[in-house]
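Presented below is the structure to which this report refers.
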Amino acid sequence: MMDPSRLGAREAATLIAQRKLTAVELTQACLARIEARENEVKAWIHLDSAAALAQAHACDAQGPVAPLYGVPVGVKDIIDTADLPTEYGSPIYEGHRPGADADCVARVRAAGGVVLGKTVTTEFAFRHPFGQTRNPHNSARTPGGSSSGSAAAVADFMVPLAFGTQTGGSVIRPASYSGVYGYKPTFDTFSFRGIKALAPGLDTLGYFARNLDDLAWFGSVLSNGLPATLQDWPGASLRVGLARIPDWSHAEPATVNAVESAAALLTSEGASVNELAPPVIFAGLVEVHNTIKQVEAMHSLSPEREAHTAQLSSELREILQRAAAVPTEDYENAVARGREARARIDELFAENDVLLAASAPGEAPVGLGFTGDPIFNGVWTLLHVPCVTIPFDRGPNGLPVGVQLIGRPGEDARLLSATKWIAARLGV
């Protein structure tokens, strides 16, 4: 058998159910991969190998009676875990032990999953890097953020699945930089209880996987509304809106080539690809998103700002200070603009089944002090639409470049079906 750490989550679960693999063997393989690579990648902030193996032994003793039985999962360290520290990427919470698991972690445990450990996050899932996680494809570059450790761990075969969260672009962009699939569902699809809030009007739980089938399968564990198996697209063809927004000038040649190559290939495969012309109401939504994110972060982090200012990064202190000076009317206007745009979202899909867009400006940037520009993500997060990154191309430095697919809010299963159709024709 191949190295179990290379298996996809569903494939591994099937082998465990067939008694061709044990949960202990799979967990040991993941831990061995971490031991071999963690000094280079630095994806994890907390690991308890003994506890993970104890969970795996318990799974093997009970048998595969639930879908995730024996499958390891990484948990971003803004998500509460009762048996591991949760520090939110901040020295303020060093050694902090929550009293209970977050809802998503509880669902993983109930489904028989093995909570392998806590992955590195930026400070409170905002901008400031914490833990210096490196891109597995080039250690001089970032894997993206804020879900840095989760993206890197999945990409480097340390774990088959890992949670991320997105308030701006913290799932879709790291997936592109790291060369994996990333899924940000429709807003509020998965419970956010037990996850440190940053901007409650935007915060969305998502996750990373190395294959498309695992996106649907894991989603069905987290939400009863998603099918466990990817459905075939119901039609012979697909209508794709090419979305060169919000500001295509930020797209580097690697991203331009990836998006345009994908569009050309889909056209040759029979898809109807149309240039998207968004209505006027969608103009200026980058600024709307930033206003909401920063003001809501200022409120969410007010206890930390008031009691532990010196332990916040200087970057975060400055952002929160600026946010505190934003007039209430400006914030309320931004919220109203976002609500109006969401009410008109159908206009983007009047002639399109799915939108094709950039996941990130280009390849992962050099350096570890900046996790990349979320310019191609924040508007979609504001609009509460489901998004998927497909690892499609390589840039001039041989690093991954993904493309983003976007669906109507609430139609996640339909987006995943379209993604299956598209991925098959893109050869990924």
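The values are calculated or read from the model by the stated rules, or taken from the named source; none is laboratory data. Please read all numbers here as calculations on a predicted model, not as lab measurements. In this analysis, Cβ positions are derived from the backbone assuming ideal geometry, glycine residues included, and neighbour counts consider all displayed protein chains.
Give the number of residues within the stretch 235-256 that are part of a helix (DSSP H, G or I) and either within 23 Å of the chain's Cα centre (by Cα) or hydroxyl-bearing (S, T, Y) (or both).
Here the count works out to 6.
If I go through the stretch 340-368 residue by residue, how many of them are within 11 Å of R408 (Cα to Cα) and buried (at least 20 other Cβ atoms within 10 Å of the Cβ)?
Qualifying residue count, the stretch 340-368: 5.
Could you count how many residues in the stretch 37-56 are in a loop (DSSP other than H, G, I, E, B) and either under 14 Å from P143 (Cα atoms) or among the basic types (K, R) (or both)?
So the count comes out to 2.
Taking only the stretch 275-312 into account, find how many residues are in contact with a Gly (Cβ under 6 Å, 6 or more places away or on another chain) and among the polar types (S, T, N, Q).
0
Cβ-Cβ under 6 Å, sequence separation 6+ or interchain: first residue in the stretch 82-104 and free of Cβ contacts under 8 Å to residues at least 12 places away in the same chain, partner surrounded by 22 or more Cβ atoms within 10 Å (Cβ to Cβ) and of a type in the set (S, T, Y). Which pairs?
If the second residue must be surrounded by 22 or more Cβ atoms within 10 Å (Cβ to Cβ) and of a type in the set (S, T, Y), the pairs left are H96/T86.
I need every pair where a residue in the stretch 4-26 that is surrounded by fewer than 22 Cβ atoms within 10 Å (Cβ to Cβ) has its Cβ under 6 Å from the Cβ of a residue that is of a type in the set (G, A, S) and in a helix (DSSP H, G or I), sequence separation at least 6 or different chains.
Pairs that qualify, where the first residue is surrounded by fewer than 22 Cβ atoms within 10 Å (Cβ to Cβ) and the partner is of a type in the set (G, A, S) and in a helix (DSSP H, G or I), are V24/A56.
Against the conditions (1) among the aromatic types (F, W, Y); (2) at pLDDT 95 or above; (3) in contact with a Lys or Arg (Cβ under 9 Å, 6 or more places away or on another chain), where does Y331 fall short? Just the number, please.
Every listed condition holds for Y331 apart from (3).
Which of (1) touching a residue at least 60 places away in the same chain (Cβ under 8 Å); (2) farther than 26 Å from F190 by Cβ; (3) in contact with a helix residue (DSSP H, G or I) (Cβ under 7 Å, 6 or more places away or on another chain) does L222 not meet, given it meets every other one?
Going through (1) touching a residue at least 60 places away in the same chain (Cβ under 8 Å); (2) farther than 26 Å from F190 by Cβ; (3) in contact with a helix residue (DSSP H, G or I) (Cβ under 7 Å, 6 or more places away or on another chain) one by one, L222 breaks only (2).
Tell me the residue from D232, D214 that is in a loop (DSSP other than H, G, I, E, B) and acidic (D, E), please.
D232
So which helices (runs of 4 or more DSSP H) are wholly in the stretch 310-399 and hold at least 2 residues that are acidic (D, E) and over 19 Å from the mean Cα position of the chain (by Cα)?
Working: elements: 314-324, 328-343, 378-382.
Because the criterion is at least 2 residues that are acidic (D, E) and over 19 Å from the mean Cα position of the chain (by Cα), the helices (runs of 4 or more DSSP H) in the stretch 310-399 that meet it are 314-324, 328-343.
What is the one condition in (1) under 10 Å from the mean Cα position of the chain (by Cα); (2) under 19 Å from W380 (Cβ atoms) that A209 does not satisfy?
(2)
Among the listed residues R127, R33, R134, which satisfies the condition of being basic (K, R) and modelled with pLDDT under 95? First the steps, then the outcome.
Working: R33 fails: modelled with pLDDT under 95; R134 fails: modelled with pLDDT under 95.
Result of the check over R127, R33, R134: R127.
Would you pick out the residues in the stretch 45-69 that are free of Cβ contacts under 8 Å to residues at least 24 places away in the same chain and in contact with a Leu (Cβ under 9 Å, 6 or more places away or on another chain)?
S49
In the stretch 29-51, what residues are farther than 23 Å from M2 by Cα, crowded, with 16+ Cβ neighbours inside 10 Å and charged (D, E, K, R)?
Passing the criteria: K42, D48.
Identify, please: which residue in the stretch 225-247 is surrounded by 14 or more Cβ atoms within 10 Å (Cβ to Cβ) and in contact with a strand residue (DSSP E or B) (Cβ under 9 Å, 6 or more places away or on another chain) and is, among those, farthest from V379 (Cα to Cα)?
Filtering the stretch 225-247 for residues that are surrounded by 14 or more Cβ atoms within 10 Å (Cβ to Cβ) and in contact with a strand residue (DSSP E or B) (Cβ under 9 Å, 6 or more places away or on another chain), the one farthest from V379 (Cα to Cα) comes out as L238.
Within the stretch 288-296, can one find any residue that is free of Cβ contacts under 8 Å to residues at least 24 places away in the same chain, of a type outside the set (A, V, I, L, M, F, W, C) and part of a helix (DSSP H, G or I)?
Scanning the stretch 288-296, I find no residue that is free of Cβ contacts under 8 Å to residues at least 24 places away in the same chain, of a type outside the set (A, V, I, L, M, F, W, C) and part of a helix (DSSP H, G or I), so the answer is no.
Can you find, within the stretch 410-419, the residue that is farthest from L226 (Cα to Cα) among those that are more than 18 Å from the chain's Cα centre (by Cα) and buried (at least 18 other Cβ atoms within 10 Å of the Cβ)?
So the residue we want is A418.
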